[in-house]
Amino acid sequence: MFQTLYSCFWWERLWLPANLTWADLEDRDGRVYAKASDLYVTLPLAFLFLVVRHLFETYVATPLAGLLNVKEKIRLKAAPNAVLEKFYAATTKHPKQADVEMLSKKSGCTVRQVERWFRRRRNQDRPSLLKKFREASWRFTFYLLAFIAGMAVIVDKPWFYDLREVWKGYPIQSMLPSQYWYYMIELSFYWSLLFSIASDVKRKDFKEQIIHHVATIILISFSWFANYIRAGTLIMALHDSSDYLLESAKMFNYAGWRNTCNNIFIVFAAVFIITRLVILPFWIMHCTVVYPLDLYPPFFGYYFFNFMMVVLQSLHIFWAYLIIRMAQKFITGKARGGLGGFGAPGPVVEDERSDREETDNSEEEEEAAKNGPLSNGHPVLNNNHRKTD
């Protein structure tokens, strides 16, 4: 039965155009082709990435955070309370007013004390500023190096300038050593992101992030199996071109360099929209949808690859919507908080994906949680750069 499933999975008509077989992609005459077995190495490499990340965050990112004066705000801990803790863990972290009144009676606390307890308890579960900075530093370093490596891999290739060259001779296209390592490193990194996603900083688009990582892993793996390597290298480099900008903006934000944050965010938004909403759909996807049909009839792999591209493009539209909302707030001066504090005195951009930290150190702050911070009885901008990330 296993052999039957194996044979069905690797049926040539699923992966290759008509009249081509796996024998056509066997190494010969000094030409090397991509093989599915090559990808086995990405799993141990992914765990190696996790080790390297731990060492980087400990011995590079943490000292860097100290140099940049990344400071934590002291968080008041919620007093131990078995009744409230049980409700918090088993029911909800955000009780309704009726629940607050019920818990007040059960715990012997006042309504205000119960509200304060839940605010403090939620804050305890929020990731620390140092954790956010370390994570952003690691991703910035990888994405920047990956983008530089990706450009080095493709900038001297004819298909970088003429997308029709992507399919010239397909699928009998030999693999270069630089393409091999670019694929192995990128795929290993995304495996490591998927393995660590449960412990990384969680945002409101947590589910979308999982979908993105899974879709990316499937796309990279499939493009390797089907020898879509030329298209794959273009797509990976295109994605890396904006990611390092976002992570660097977060780093400067956590360090309190708010004007720098704002400027980098503007550059990031422009690069993201141009690459993900213009170049990817109108150049790259046009290349993967239209040009192959000039060479061979569509087959399952053709449809599957482009379907996964549509999934990624849908996520890009979703994230572009959030970015445009932030940019609109920045331009109109209605922003607050920040991309983890995206901003300085003046307009500040709030990351639509993140929760704001709550304060309750005084009666005034409790009122501020409902009506906004007060200064002499008037609302003011809250520039707490730890609110979002």
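The values are calculated or read from the model by the stated rules, or taken from the named source; none is laboratory data. Keep in mind it's a predicted model, so treat the numbers as computed, not measured. Cβ sites come from the backbone with ideal geometry, for glycine too, and all protein chains shown count toward neighbours. SASA here: full protein model, heavy atoms, side chains in, ligands and nucleic acids out. Shrake-Rupley method; radii C 1.70, N 1.55, O 1.52, S 1.80 Å.
Before moving on, here are some points about what is shown:
- Matching entry among Glu57, Glu72 (being in a helix (DSSP H, G or I) and acidic (Asp, Glu)): Glu57
- Qualifying residue in the stretch 346-356 (condition: over 30 Å from Trp159 (Cβ atoms), in contact with a helix residue (DSSP H, G or I) (Cβ under 6 Å, 6 or more places away or on another chain), acidic (Asp, Glu) and at pLDDT below 90): yes
- Residue in the stretch 88-95 that is under 29 Å from the mean Cα position of the chain (by Cα), assigned by the TED database to the domain that holds Phe189 and buried (at least 18 other Cβ atoms within 10 Å of the Cβ) present: no
Let's see how each residue does on (1) crowded, with 18+ Cβ neighbours inside 10 Å; (2) in the same structural domain as Leu48 (by the TED database); (3) touching a helix residue (DSSP H, G or I) at 6+ places or on another chain (Cβ under 9 Å):
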position	(1), (2), (3)
Trp167	yes, yes, yes
Tyr170	yes, yes, yes
Pro177	no, yes, no
Leu187	yes, yes, yes
Leu193	yes, yes, yes
Arg203	no, yes, yes
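- Check on Met151, farther than 29 Å from Ala198 by Cβ, outside the structural domain of Tyr182 (by the TED database) and open to solvent by 50 Å² or more (accessible area, probe 1.4 Å): no
- Ala82 meets all of the listed conditions (1) more than 30 Å from Tyr291 (Cα to Cα); (2) among the small types (Gly, Ala, Ser); (3) open to solvent by less than 80 Å² (accessible area, probe 1.4 Å) but one, namely (3).
- Hits in the stretch 294-325 - residues which are small (Gly, Ala, Ser) and open to solvent by 20 Å² or more (accessible area, probe 1.4 Å): Ser314
- Hey, Leu277 free of Cβ contacts under 8 Å to residues at least 40 places away in the same chain, in a helix (DSSP H, G or I) and open to solvent by 20 Å² or more (accessible area, probe 1.4 Å) or not: no
- Any chance Tyr182 is surrounded by fewer than 17 Cβ atoms within 10 Å (Cβ to Cβ), without any contact (Cβ under 8 Å) to a residue 60 or more places away in the chain, more than 15 Å from the chain's Cα centre (by Cα) and within 29 Å of Phe299 (Cβ to Cβ): no
- Residue that is most open to solvent (accessible area, probe 1.4 Å), among those in the stretch 26-53 that are at pLDDT below 90 and either closer than 19 Å to Tyr182 by Cβ or in contact with a strand residue (DSSP E or B) (Cβ under 9 Å, 6 or more places away or on another chain) (or both): Arg31
- When Gln209 is tested against the conditions (1) in a helix (DSSP H, G or I); (2) open to solvent by less than 50 Å² (accessible area, probe 1.4 Å); (3) touching a helix residue (DSSP H, G or I) at 6+ places or on another chain (Cβ under 7 Å); (4) within 22 Å of Phe47 (Cβ to Cβ), the lone failure is (3).
- Hey, Glu115 in contact (Cβ under 8 Å) with a residue 24 or more places away in the chain, touching a Pro at 6+ places or on another chain (Cβ under 7 Å) and not hydroxyl-bearing (Ser, Thr, Tyr) or not: no
- No other residue among Ala98, Ala65, Ala89 is part of a helix (DSSP H, G or I) and in contact with a Phe, Trp or Tyr (Cβ under 8 Å, 6 or more places away or on another chain) apart from Ala65.
- Members of the stretch 1-49 that are among the basic types (Lys, Arg), in contact (Cβ under 8 Å) with a residue 40 or more places away in the chain and farther than 30 Å from His213 by Cα: Arg31
- Residues of the stretch 101-127 satisfying the condition of being of a type in the set (Lys, Arg), part of a helix (DSSP H, G or I) and closer than 19 Å to Leu76 by Cβ: Arg112, Arg116, Arg119, Arg120, Arg121, Arg122
- Leu145 being among the aliphatic types (A, V, I, L, M), farther than 30 Å from Ala18 by Cα and open to solvent by less than 50 Å² (accessible area, probe 1.4 Å): no
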